[in-house]
Every structure is written in structure tokens, then in C-alpha cells.
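K.L.:
Sharing a structure here in C-alpha cells format.
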Amino acid sequence: MQFVTENLQILFTGLGLGSIYALVALGFVLIIRATNVVNFAQGDFAMLGGYAMVLFFTGLGWPYWIAFIGALLAMAVFGVLFNYGVYYPLRHRSFLPVLISTLGASIFLQNTVLYVAGPQPKPLDKLLNFDGITLGGVFLDSQYIVILVATVALVFFTFLFFEKTLLGKKLQATSQDKDMARLLGIPVALMIAITFIYSAVLGGIAGVLVGPILFVSIGMGSIIALKAFAATIIGGFGDVKGAIVGGLLLGVIESLAAQHISVPYKDAYAFLALFLFLLFRPQGIFGEKVSEKA
Amino acid sequence: MQNRISLPALIVLAIIAIALPLIPYQLQVSTYVVQMFMQAVTYAIAVLGMVVVLGYTGQINLAQAAFFGLGAYGVALGTVSGGINFWISLALGVGAATVAGLALGLTTLRLGGHYLAMITISFQQIFDLILVNWVEVTHGPDGIAGIGRPSILGLELADDKAYLLLCTIVLYALVFAVWYLPSTRLGRAMRSVRENELAAEVVGVHTLRTKVIAFALSALLGAIGGALYAGGFAYISPDNFNFARSIEFLTATLLGGAQSPFGGVIGTVLIVQLPEWLKHLPESLRFIKDVYLAVYGLGVILIMVFLYEGIWGLIKNLRAKLVKTQVTTDVSGVRPLVLDVQGAGNGPLLRLENLQKHFGGLKAVDGIDIDVQRGTVHALIGPNGSGKTTSLNVVSGIYRPTGGKVVLDGEDVSMLKPHQRAGRGVGRTFQNIRLFASLSALENVMVGAQRDNNPIPKGDKALRDRAMSALQFVGMADRAHVIVRNLPYGHQRLVEIARVLAGHPKLLLLDEPAAGLNQTEKMEFVELLKRLRGHGLTIFLIDHDMGLVEKVSDRITVLNFGRKIAEGAPAEVLRNPDVIAAYLGTAGETNAAA
């Protein structure tokens with residue numbers, strides 16, 4: 001019995017962490033679909049969101065929800081800046097310059113924040129004012145509950161937004177065929193800008209959610225991003241459903257392995273899982289076989 | 001024009017090359033400056049690896065610091081923990097890095113660039129974790145001190161300056177090797193992969209092998225740099241080999257110019273020097289010193305946007321503007337092209353048996369049988385979406401058939417990769433020309449000539465002669481040294497055909513070869529086709545221009561909705577009522593596009 005509760009406990013923690021990977025992975029996939037490029041600064045969106053929250057809530061003392069909305073607005077503005085500063089000038093080039101450019105942006109952001117905010121990780125309050133609840137011997141931390149609920153809500157919202165609204169349809173059209181979308185009068189550049197905004201806000205929310213658990217730190221983004229990217233490959237490259245399943249799966253694998261194998265290598269398990277997938281199922285769980293277009 | 005250095009440039013290079021290492025000897029410099037030289041020299045070797053993989057082959061590597069670290073830890077563990085000779089330790093470290101590079105490359109490179117970026121970062125992170133956590137072996141965060149140095153001919157290189165000289169000599173030798181690489185068979189293959197991977201594969205380059213070799217070479221160079229670094233500083237710790245260092249190598253490569261070893265060296269010197277220069281900034285700008293990594297990041301974006309070819313590219317372009325180099329080539333002494341066809345048996349050269357290619361529910365090619373007879377021109381026509389290009393892609397190996405067989409000269413090649421088919425004499429051109437844009441016409445055609453089993457003598461000279469003959473055949477020999485990007489469209493088509501012809505094709509596949517040509521060019525093209533046919537070449541082509549098809553073809557097959565609807569001599573097929581109906585459209589036709 002103790003074995004079961006112990007593992008249920010780990011499963012719960014794993015799903016919570018996995019939700020964060022899933023949210024960031026979702027941001028990855030949206031940008032991959034819109035621009036064909038992996039945004040290596042995706043994790044830093046989470047980092048920036050976390051720091052914005054620290055600034056508004058802890059620093060300026062705004063009420064939690066006002067600070068939260070402020071942080072999301074800041075991320076939306078940042079998404080616009082990122083689009084025009086990092087992606088837009090290179091939009092006609094092959095994927096490699098764009099990829100390198102986003103990598104440059106990631107280094108720039110981390111070190112700028114490091115200079116401004118200092119190397120000390122910042123604590124962030126939980127959303128709810130209680131520690132959590134105990135259910136059948138399993139302790140459910142309130143912040144993990146918040147993360148799970150928020151992830152489900154965001155995934156659902158994203159689905160509705162892309163499938164049921166005109167703007168969502170236009171975004172989808174843009175990601176499938178830019179030339180055709182342009183011919184139909186869809187402002188492609190604007191659609192891509194909106195994708196970056198959406199993705200930045202998603203990342204920001206992930207950062208605010210995970211801040212109370214991992215602390216808000218300079219490096220939080222890159223480690224989350226690497227795992228989120230691993231999640232997109234495991235789930236199926238560029239597949240929305242895959243990003244979410246992959247993220248959750250990775251969170252669980254990681255927590256279980258850390259518990260049962262060894263803690264110092266916690267961050268390595270995700271990559272190990274990734275290597276195994278690349279060897280035996282490179283197209284991921286939901287992906288179609290990888291092949292090049294003629 | 002990749003590998004020609006003019007005499008003045010050579011002299012300038014030689015002076016700099018000799019003068020630089022003398023600085024620590026002539027001037028009474030501090031140990032600090034000597035160490036800075038050591039750092040620059042060993043980093044530069046690792047950056048040469050980046051030049052090979054990123055600059056030449058167009059593949060990203062974000063784990064160069066890990067390979068650098070494998071070399072360094074090889075030497076450190078070998079000389080300190082193992083008590084082994086320096087050179088043997090170096091060989092072990094470099095060997096380990098090369099094997100790691102091969103393994104990473106083999107698992108990832110067939111999947112494309114994003115995966116490679118991700119996997120190399122993961123590898124870098126895991127390497128870092130192991131260095132820090134596997135304390136029993138790596139000594140963890142404390143690092144390893146007292147690393148040995150080699151002796152040469154009984155001469156101990158205990159003196160920093162003497163050791164630095166050794167490293168400098170190694171660097172020069174490697175710069176030379178990396179500079180020479182692009183004009184070799186392997187180097188051309190690498191650059192063709194960078195420029196257009198699909199075209200490279202189809203003309204016969206084993207693209208996966210080329211990428212894996214490039215990646216392993218990069219790891220090898222990284223490890224050599226790291227091994228020398230460990231000897232130079234006598235102490236290493238995990239901090240020297242983390243992700244930030246990989247980014248430093250990347251930045252140095254991009255800043256200097258990824259496509260040249262000289263660029264790589266310039267970039268390294270600047271990156272190593274940058275923190276030094278920042279120290280001398282006026283008080284008000286001193287904060288930049290604390291954010292120099294942020295400056296790197298910003299620098300990377302700015303280089304990508306404004307200075308894609310780096311500083312070396314800038315120098316090269318300036319020089320090109322100042323010195324007008326001659327781009328016409330002397331064509332006297334070019335031998336006529338031999339196109340003898342070496343078929344194995346009789347019977348059709350190409351036979352498609354019940355060939356099918358489905359994409360999900362779409363039956364693009366739905367069971368066609370075609371025999372292409374030796375020495376004939378066979379045209380495949382049909383309305384848009386009838387499955388012509390798909391059929392051609394299945395024949396050249398870009399797609400595997402869903403069902404049925406592709407038989408070439410009696411051999412079933414259905415499951416072979418494009419480069420293997422090219423190695424058996426299948427050559428093709430593309431509807432939207434796919435040349436290696438930044439290579440010269442000659443180099444483009446040489447890539448075509450270097451396919452497996454091309455019946456020409458061994459060696460670069462033979463490849464060059466063969467390529468010149470092919471260019472002569474299409475009337476482009478005098479433009480051999482022009483970068484193809486700068487050629488007009490019609491000429492690019494001709495270079496693409498020359499690239500195929502240089503490979504001695506048994507079967508020539510032409511995908512809408514006359515598309516985009518004006519009337520005069522079309523006439524010339526018809527003449528070219530007739531000449532090729534006169535040489536006994538077998539040609540299988542797709543085109544929309546009925547006039548052209550009628551003029552050049554011996555036989556025509558008509559496709560509609562992925563099925564064969566007519567076949568025969570041009571005159572009879574083009575008057576076939578079904579064919580006319582298919583082209584002019586009848587009921588149901590609106591669904592045909594796809």
C-alpha cells in the first residue's frame with residue numbers, strides 16, 4: 001500500500017511538472033507550425049513571465065490578479081518585440097539563420113535579466129493560500145492543483161480558439177500555406193505576429209505557474225525549454241496533441257526515475273527518453289514518418 | 001573559385017602567420033598574455049570544427065564544448081589519473097569524441113536540422129551533468145590539476161612559450177587542411193549538402209554519410225583543441241566545457257565567417273579578446289563588461305540579420321568589388337564529352353511494373369506500367385495532378401513506391417535510395433532548378449561527375465576534365481567559374497543538364513526541362529535533346545509543351561488521375577480522343593487538381 005501511495009504521489013508531481021512542459025511545448029508547436037522554425041527562446045518566455053510577476057507582485061506590491069494580468073500584458077508586448085526583432089528580418093531565409101537568431105535572443109534575454117535582477121533566484125507566492133489537501137495518503141500541493149487545472153483550461157481554450165474562431169482559422173490557414181493564405185487576403189505577417197504573442201503569453205503563464213515551485217531564476221527557462229522540446233519530439237514533431245501528451249509523459253518519467261534511480265541525474269532522464277525515441281520511433285507518438293518533400 | 005589565393009594575399013597571410021606567434025617571444029609579455037594566446041589557439045582549433053560542420057555542411061552543432069571537453073578530459077585523466085603518456089591520452093580523448101560524434105550523427109542526422117540542434121544541446125547538458133556528478137572519475141566540480149605536457153624528441157615542453165609554439169603549428173596545419181577541404185571530393189559533397197540536400201542526394205552524393213563524416217570531423221577537431229588546452233593550462237574544471245562555451249564557439253564561428261577557416265580564426269581571436277577590450281571601456285560604459293554574454297547574444301542576432309557571411313565574407317566581398325577577377329574560362333583543350341551507354345542486356349532500360357504511390361487516401365500514381373526502350377526519348381504527359389512528377393520522383397528514388405516495381409536495366413531498384421540509383425546511372429533534373437547556388441558551374445558539374453561507379457579515371461583531374469567536357473557539350477564551358485547564382489535562368493538549366501551528363505547517365509530523367517525557357521531557348525533545347533538522343537542516351541521526360549514533346553519523342557505515355565490512358569507514337573497519341581478529352585476537360589475534371 002505504501003508503495004502505491006508513494007508512486008501516486010510521484011505521479012501527481014510528475015503530471016504537475018509535465019503540465020508546465022506541455023504548456024511550453026504547445027508554444028513551441030504553434031510557432032513551428034506558423035514559421036517552420038523552432039524558437040530556442042521559448043523557455044525564456046517562461047523565465048520572463050516569472051520575472052514580470054516577481055516585479056509586479058513582490059516588487060511593486062500589486063494585488064495578485066492585477067500583477068498576473070500585468071505580467072501577461074507585458075508578455076504580449078514582448079511577443080510583438082520578439083517577432084519584429086528576431087524573426088521578421090529573417091523570414092525569407094532558411095531555418096538555420098532563424099534558429100541561430102532565436103538562440104542568440106535566448107542568451108541575450110538571460111544575461112540581460114541576470115544583470116538587472118541578479119543571480120539570486122526569486123521566490124514567488126502560491127496562487128492559493130493553503131498548502132494542499134491529503135487524499136488517500138497522497139498529498140496534493142495546491143500549486144500543483146492550480147497548474148493542472150490551468151493547463152487543462154488553456155489547452156481547451158487553445159483548441160476552441162484555433163478551431164472555432166475566424167482568427168483561429170486564419171492562423172491555421174497561415175501555418176498550412178502562406179502563399180495561399182496571402183492570396184486569400186489574410187495578412188500573413190500579422191498572423192505570425194499574433195502567433196508569437198500567443199506563444200509568449202502561454203510561456204509567461206507557464207513561468208508564473210511554476211515560479212512558486214522551482215523559484216524564478218535565470219536558468220529556469222532553458223531547462224524547461226529543452227524538456228518541452230524533447231516533449232514535442234516524443235509527441236510527434238509539430239503535433240499539438242503530441243506536445244501535450246509528450247510533456248505530461250516526460251514529467252512523469254522524470255519524477256519516477258528521479259525517485260527510483262538517482263536524483264543528481266534528474267535532468268538527464270528526459271534526454272535519455274528522447275534518445276530512445278529518436279532511435280526507435282523518430283516520428284514520435286502521433287507523428288507521421290519523417291520524410292522530405294520533393 | 002573557392003581555393004585560389006592571390007600572391008599578395010598569400011604574402012600578407014604568411015607575414016601575419018609568422019609574426020603572430022613571435023609576439024610572446026620578442027616582447028617581454030606576462031604569463032597572462034601567453035595564456036591568452038594559448039586560449040585563442042586552442043579555441044580556434046575547436047572553431048575549425050564548427051567551420052567544417054556549420055560553414056561547409058550547413059549542420060548545426062551546439063555541443064562543440066562537450067567535444068572540446070572530451071579531448072581535455074582525455075588528456076587530464078590519462079596523464080593525471082592513468083599516468084599514461086600525453087600523446088596516447090590525447091589519442092584516447094580524441095577517439096572518444098569522434099566516436100561520440102559518429103554516434104550522435106548517425107542517430108540524428110537523418111532527421112534534419114531542428115533535431116540536431118536539440119540533440120546536441122541535450123548531449124552538452126548530459127556531458128555537463130556527468131562531469132559535475134561522476135566525482136570518482138571526473139573529480140567533479142573541483143576539476144583536475146597537474147595535467148602533463150608532452151615531450152617531442154626528448155625535448156620537454158615545460159616552457160609555456162615552447163608549448164604554445166607547438167599548438168600554433170598544429171593550428172596552422174589544421175587551418176591548411178580545413179582550407180583545402182572544400183576543393184576535395186568530400187568537401188564538394190559537404191557544400192552540395194549545405195546548398196541543396198535533395199539535389200545532392202539525387203545526383204549521387206551519399207548525403208547521410210557526408211553529414212555524419214562532417215559531424216565526426218567537427219568532434220575530432222574540437223577534441224584536439226580541448227586536449228591541447230588541457231596541456232596548456234594544466235588545470236581543467238567542468239566550467240570550461242559548458243553550454244556557454246559552446247555558444248562562444250558558435251559566436252566566434254559566425255562572427256568571423258563560418259565558411260572559411262580564416263574567418264573562424266579571426267572570430268576566435270575577437271571573442272577571446274572581447275572581455276579584455278571591455279575592461280578598457282570608459283567608466284560610464286563599464287557595465288557592458290558585466291553583460292558581455294548578453295552582448296554575444298545580441299551579436300548573434302545582428303550577425304544573422306546584417307552580416308550573414310561574417311567578417312571574412314565582408315573582406316571577400318570588398319575584395320571582389322576592388323579586384324575584378326576574370327570569370328571567363330579558357331576552353332581550348334577541353335575534350336568532347338563521351339556519353340557511351342553501357343547497358344547490361346537488351347529489353348527495356350526502365351520498366352515500371354504496376355507502379356503505385358499513395359499519399360494517405362490520395363492515389364497519386366495508381367498502378368501504371370511503362371517500358372522505356374533503350375536509346376529512345378519517351379515522354380510522360382498528362383494534365384496537372386495526373387501523377388507525372390510523382391512517377392518521376394518514384395523513379396529517381398525520392399519516394400518509395402507504395403506498390404509495384406521500378407526495374408532499371410534488369411535490376412529491381414524500388415527500394416534503393418536516390419544516391420544509390422544515381423550510382424547505377426539514373427540522372428535527373430528538376431522542374432524548379434535545383435543547383436548548388438553558391439558553387440561555381442564547374443563545381444556543380446563536378447559533384448555530378450563524382451557519383452559512385454562513374455566510369456572515368458580516378459582523381460580530381462579526371463573529375464574536372466569530365467565536368468569541363470559536360471559544360472562544353474551544353475555550351476557553358478566558358479562560364480565554368482561563374483557562381484551559378486549569378487547565371488541567367490536559361491544558363492542555369494543548361495548547367496543542371498551538364499551536371500547530370502557528367503555522371504554518365506544510362507537513363508536521363510527530365511522534369512519539365514523547357515519550363516520557363518523562351519522560344520529561342522526552346523529551339524536550342526530541342527537541338528540539345530536530339531544530340532543527346534544521337535549519342536544513344538535514353539531519356540524519360542515530362543513536359544507541358546506539346547509542340548516540344550511531339551518534336552522530340554519517340555513514344556508518349558499519357559496519364560490521367562494516376563492511371564495510364566494512352567500510349568504510342570506521338571502522332572497517334574495526340575489525336576487520341578481520350579487524350580484530347582483529358583486535356584480539354586470533361587465532367588469530373590474539376591476534382592483532378594491535387
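FYI, it's all coordinate maths here, none of it is from the lab. Bear in mind the structure is a predicted one, so any value in this text is a computation, not a measurement. In this analysis, Cβ positions are derived from the backbone assuming ideal geometry, glycine residues included, and neighbour counts consider all displayed protein chains.
K.L.:
Label points 7 Å out from Cα along the Cβ direction at B:Q519 and B:E550: separation in nm?
P.N.:
1.6
K.L.:
Counting only C-alpha contacts under 8 Å and six or more residues apart, can you give the relative contact order of region B:398-539 as a whole percent?
P.N.:
30
K.L.:
Still on this structure: As a footprinting exposure proxy, order B:R485, B:R421, B:R575 by other Cβ within 10 Å, with the fewest listed first.
P.N.:
Ordered by Cβ neighbours within 10 Å, fewest first: B:R575, B:R485, B:R421.
K.L.:
Calculated from DSSP H runs of 4 or more alone, at -39500 (n - 2.57) each and per residue, what is the 222 nm mean residue ellipticity of the protein assembly as shown, nearest 500?
P.N.:
About -19500 deg cm²/dmol.
K.L.:
Return the lysines within reach of A:K178: Cα separation strictly under 19 angstrom, same-chain partners fewer than 8 residues apart disregarded; answer none if there are no such residues.
P.N.:
Result set, ordered by chain and number: A:K169, A:K170, A:K293.
K.L.:
Here's another thing I want to ask about it. 7 Å from Cα along Cα→Cβ at both B:D578 and B:S151: what's the point-to-point distance in nm?
P.N.:
8.8
K.L.:
On a 18 Å Cα-Cα criterion, which of the cross-link pairs B:K405/B:K564; B:K211/B:K506; B:K363/B:K564; A:K227/A:K266 come out too long?
P.N.:
B:K211/B:K506
K.L.:
Can you tell me the relative contact order of region A:2-280? Whole percent, Cα pairs under 8 Å, sequence separation 6 or more.
P.N.:
39
K.L.:
Note down the net charge around B:T376, summing +1 for each Lys or Arg and -1 for each Asp or Glu among other residues with Cβ under 11 Å from its Cβ.
P.N.:
Taking every other residue near B:T376 into account, the sum is +1.
K.L.:
Using r as the Cβ-Cβ distance of A:E6 and A:L167, and R0 as 51 Å, what FRET efficiency do you calculate, to the nearest 0.05?
P.N.:
The computed FRET efficiency comes out at 0.65.
K.L.:
A further question on this structure: Taking region B:214-320, which trypsin sites (Lys or Arg not before Pro) meet the DSSP loop condition and have no more than 16 other C-beta atoms within 10 Å?
P.N.:
B:R286
K.L.:
Also: Looking only at other chains, what is the average number of their beta-carbon atoms within 10 angstrom of each beta-carbon in A:89-100?
P.N.:
5
K.L.:
Moving on to the next point. Can you pick out the pairs among B:K530/B:K551; B:K357/B:K417; B:K417/B:K458 whose Cα atoms lie more than 20 Å from each other?
P.N.:
Going by Cα-Cα distance, B:K417/B:K458 fall outside the 20 Å limit.
K.L.:
Per residue of B:120-127, how many C-beta atoms from partner chains lie within 10 Å of its own C-beta, taken as a mean?
P.N.:
Neighbouring Cβ atoms belonging to other protein chains average 5 per residue here.
K.L.:
Considering the zone a paramagnetic label at A:V80 would reach in this model (a point 7 Å from Cα along the Cα-to-Cβ line), which residues of region A:88-126 have amide N under 17 Å from it?
P.N.:
Answer for region A:88-126: A:88-89.
K.L.:
Please label the shape of the protein assembly as shown as rounded, prolate or oblate, based on the square roots a ≥ b ≥ c of the eigenvalues of the alpha-carbon gyration tensor (a/c under 1.5 means rounded; beyond that, a/b larger than b/c means prolate, else oblate).
P.N.:
Taking the square roots of the gyration eigenvalues as a ≥ b ≥ c, the protein assembly as shown is oblate.
K.L.:
Then there is this: How about region A:69-145: which chymotrypsin sites (Phe, Trp or Tyr not before Pro) there are in a DSSP loop, with at most 15 other Cβ atoms within 10 Å of their Cβ?
P.N.:
Answer by residue number: A:F130.
K.L.:
State whether region A:2-280 is rounded, prolate or oblate according to the following rule on the C-alpha gyration tensor (a ≥ b ≥ c being the square roots of its eigenvalues): a/c under 1.5 gives rounded; otherwise a/b larger than b/c gives prolate, and the remaining case gives oblate.
P.N.:
prolate
K.L.:
Could you pull out every one of the aspartates and glutamates with an alpha carbon less than 14 Å from that of A:K126, ignoring same-chain neighbours closer than 8 positions?
P.N.:
Result set, ordered by chain and number: A:D141.
K.L.:
Among B:V135, A:V146, A:V201, which comes first, second and so on when ranked by fewest other beta-carbon atoms within 10 Å?
P.N.:
The most exposed by this proxy come first: B:V135, A:V146, A:V201.
K.L.:
Related question: Please label the shape of region A:1-144 as rounded, prolate or oblate, based on the square roots a ≥ b ≥ c of the eigenvalues of the alpha-carbon gyration tensor (a/c under 1.5 means rounded; beyond that, a/b larger than b/c means prolate, else oblate).
P.N.:
oblate
K.L.:
Here's something else I'd like to know. Once R0 is set to 56 Å, what does the formula 1/(1 + (r/R0)^6) return for the Cβ-Cβ distance between A:N36 and B:A19, expressed as a FRET efficiency to the nearest 0.05?
P.N.:
Given R0 = 56 Å and the Cβ-Cβ separation, E is 0.75.
K.L.:
On to the next question. Determine which aspartates and glutamates satisfy two conditions relative to A:K241: a Cα distance under 19 Å, and not lying fewer than 8 residues away in the same chain.
P.N.:
A:E163, A:E288
K.L.:
What angle do you read, to the nearest 10 degrees and between 0 and 90, between the alpha-carbon axis of helix A:240-260 and the longest principal axis of chain A?
P.N.:
Tilt of helix A:240-260: around 30 degrees.
K.L.:
Can you tell which of B:V291, B:H481, B:V413 lies farthest toward the positive end of the dipole of the protein assembly as shown, using +1 and -1 charges on the Cβ of basic and acidic side chains (Lys, Arg; Asp, Glu)?
P.N.:
Working it through, the farthest residue towards the positive pole turns out to be B:H481.
K.L.:
Related question: Distance between the C-alpha centers of region B:213-268 and region B:430-507? Whole Å please.
P.N.:
Result: 35 Å between the Cα centres.
K.L.:
Label-point separation (nm) for B:V137 and A:Q120, each offset 7 Å from Cα along Cα-to-Cβ?
P.N.:
Here the answer is 3.9 nm between the modelled labels.
K.L.:
Along the charge dipole of the protein assembly as shown, Cβ charges K/R +1 and D/E -1, which of B:N354, B:L270, B:A230 sits furthest on the positive end?
P.N.:
After comparing all options, I get B:N354.
K.L.:
In whole Å, what is the distance between the alpha-carbon centres of region B:270-323 and region B:41-107?
P.N.:
What the calculation gives is 27 Å, centre to centre.
K.L.:
So, with +1 on the Cβ of K and R and -1 on the Cβ of D and E, and no other charges, what is the size of the charge dipole of region A:2-280 about its Cα centre, to the nearest 20 debye?
P.N.:
That gives region A:2-280 a dipole magnitude of about 720 debye.
K.L.:
Please give the net charge around A:V188, taking every other residue with its beta carbon less than 11 angstrom from that of A:V188, where Lys and Arg add +1 and Asp and Glu add -1.
P.N.:
+2
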